[in-house]
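Each remark here refers to the structure printed beneath this line.
The values are calculated or read from the model by the stated rules, or taken from the named source; none is laboratory data. As the structure is a prediction and not an experimental result, all values here were calculated from the model. Methodologically, a virtual Cβ is constructed for each residue, glycine included, from the backbone with ideal geometry; neighbour enumeration extends over all protein chains shown. The area values use the complete protein model at the heavy-atom level, side chains included, leaving out ligands, DNA and RNA. Shrake-Rupley method; radii C 1.70, N 1.55, O 1.52, S 1.80 Å.
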Amino acid sequence: MTEYSIFSVLRHGLSGNKGWKPTWRKGEPKPAYDVIVVGGGGHGLATAFYLAKEHNIRNVALVERGWIGQGNVGRNTTIVRSNYDLDENQKFYEWSMKLWEGLSHALDYNVMFSQRGVLNLANSPAQLDRYAERGNGMRLNGIDAELLGVDEIAKLCPGLDVSPKARFPVVGGLLQPRAGTARHDAVAWGFAHAADRLGVDIIENCEVTGFLNEGDRVVGVATRRGEIRAAKVGVAVAGMTSEVLRMAGIAKLPIETHVLQAFVTEPLKPLINCVVTFGGGHMYVSQSDKGGLVYGGNLDYYNSYAQRGNLPVVHEVATELLACFPNVGKVRLARSWGGLVDMTMDGSPIITTGPLPGMYLNTGWNYGGFKATPASGWCFAWTIASDGPHVLNAPFTLERFHEGRVIDEWGTGPTPRLH
Ligand SMILES: Cc1cc2nc3c(=O)[nH]c(=O)nc-3n(C[C@H](O)[C@H](O)[C@H](O)COP(=O)(O)OP(=O)(O)OC[C@H]3O[C@@H](n4cnc5c(N)ncnc54)[C@H](O)[C@@H]3O)c2cc1C
């Protein structure tokens, strides 16, 4: 029985909307659980949900240092896609896409998943050849991909400058029609809601300040609200991974924290009806349901834990937006913000047991962990429950960096800011 059906909306509406239950309970920490998940972002919440739903592990505490949705899960540009190049990434992100397609029903919460298509623009014949190669690889893995010519792009995206005189003339593009966007806050709230209803304690304002050990085994966490013990502790703290693992004595990880900004304009009438990415520079844009153009681009290119960026990137990304859509030149920027992204040495994530006994690690989401949220939680829950990886996340180990089996989607080598 769905909690947010048309019938309950009517019933509660007629009784003054006083009978709604909170979307999730304000959990109080108990002394011990079967599993603790550290980090109440999308990945931690999805992990807690799938632990309860898929593995029937319901005695779970999710501890979040602030409030649900304060991190990157509520700061991203909401793009969801599985148009990757490498086999490992294609399979993992396509599984995520399949979970997205049923997510609102699975969570009993509308995450506003909109399959409006993601279009990668090609600005040179060589780039178009690479897209053709990528599209073929995607199709071999059962992922939808279409190579478009300029006329088809003009029809699909009327505001885009496709004239030969454009600053960066468009020669074609790769479209993934099933890709699109989802409402990021709703994803956090939906996972929190569904995990709560399965019995998970979601404990906000509960920063982890240390780990409890017996020998070299992790047996719980110290928090600002006291100690909590558990046989298994999963860490999914995105940009704060290095700092949190330092508390467990892990001083070196193949991760750097960088700032990534996002921008939203004032609301406009419908103008851009799919997600457009411009890889000749680096810019991606879509239009939110409220009408604002939501766009972003490169990192700020320095390590930082500040959730704000600097003006050169504001300028750079706006310039690229205007090169593609000159007709928005007079539109005002309404808001911008930054988030802390966990960039790895090969641009691919880490979902693994360890690095200490009793600990499990989920990190390395680079520019693109929002789209991974369902599959990441699903695979991490599997890894925690079974003490080993699922076949989908088996390649995403920490050891790959020692063994030289890197999954380098962009081929840019061990320079995190370039992935
Ligand atoms: C501007 C921007 C745009 C982006 N755009 C996209 C996009 O379009 N598509 C896409 O796929 N991805 C995108 N991303 C990436 C994506 O948002 C992240 O990869 C993903 O959200 C990270 O996982 P998370 O949701 O679990 O992180 P978070 O939401 O950051 O969750 C981590 C949580 O851990 C908590 N935490 C930290 N330390 C502690 C502690 N000591 N104790 C307890 N809790 C702690 C934090 O408070 C935080 O809530 C973007 C990121 C940014 C910043």
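Structure summary
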quantity: Hits in the range 192-212 (condition: of a type outside the set (Val, Ile, Thr), in contact with a helix residue (DSSP H, G or I) (Cβ under 7 Å, 6 or more places away or on another chain) and part of a loop (DSSP other than H, G, I, E, B)); calculated: LEU198, GLY199
quantity: Qualifying residue in the range 150-165 (condition: within 11 Å of the ligand (Cβ to nearest atom), touching a residue at least 24 places away in the same chain (Cβ under 8 Å) and not aromatic (Phe, Trp, Tyr)); calculated: no
quantity: Single condition PHE168 does not satisfy, out of (1) open to solvent by less than 50 Å² (accessible area, probe 1.4 Å); (2) on the phi < 0 side of the Ramachandran plot; calculated: (1)
quantity: Only listed residue being surrounded by fewer than 23 Cβ atoms within 10 Å (Cβ to Cβ), without any contact (Cβ under 8 Å) to a residue 40 or more places away in the chain and farther than 15 Å from SER376 by Cα, chosen from ASP129, ASP87; calculated: ASP129
quantity: Filtered residue count, the range 301-337, keeping only those that are crowded, with 21+ Cβ neighbours inside 10 Å and within 16 Å of the ligand (Cβ to nearest atom); calculated: 5
quantity: Enumerated helices (runs of 4 or more DSSP H) restricted to the range 305-419, each holding at least 1 residues that are closer than 26 Å to ARG229 by Cα and at pLDDT 95 or above; calculated: 373-386
quantity: Filter result (more than 10 Å from the ligand (Cβ to nearest atom) and among the β-branched types (Val, Ile, Thr)) within the range 230-276; calculated: VAL233, ILE250, ILE255, THR257, VAL264, THR265, ILE272, VAL276
quantity: Members of the range 47-99 found to be within 30 Å of GLY135 (Cβ to Cβ), near the ligand (Cβ under 8 Å from one of its atoms), of a type outside the set (Val, Ile, Thr) and not in a loop (DSSP other than H, G, I, E, B), listed by number; calculated: ASN72
quantity: Of the criteria (1) in contact with a Cys (Cβ under 7 Å, 6 or more places away or on another chain); (2) open to solvent by 30 Å² or more (accessible area, probe 1.4 Å); (3) not small (Gly, Ala, Ser), which one PHE278 fails; calculated: (2)
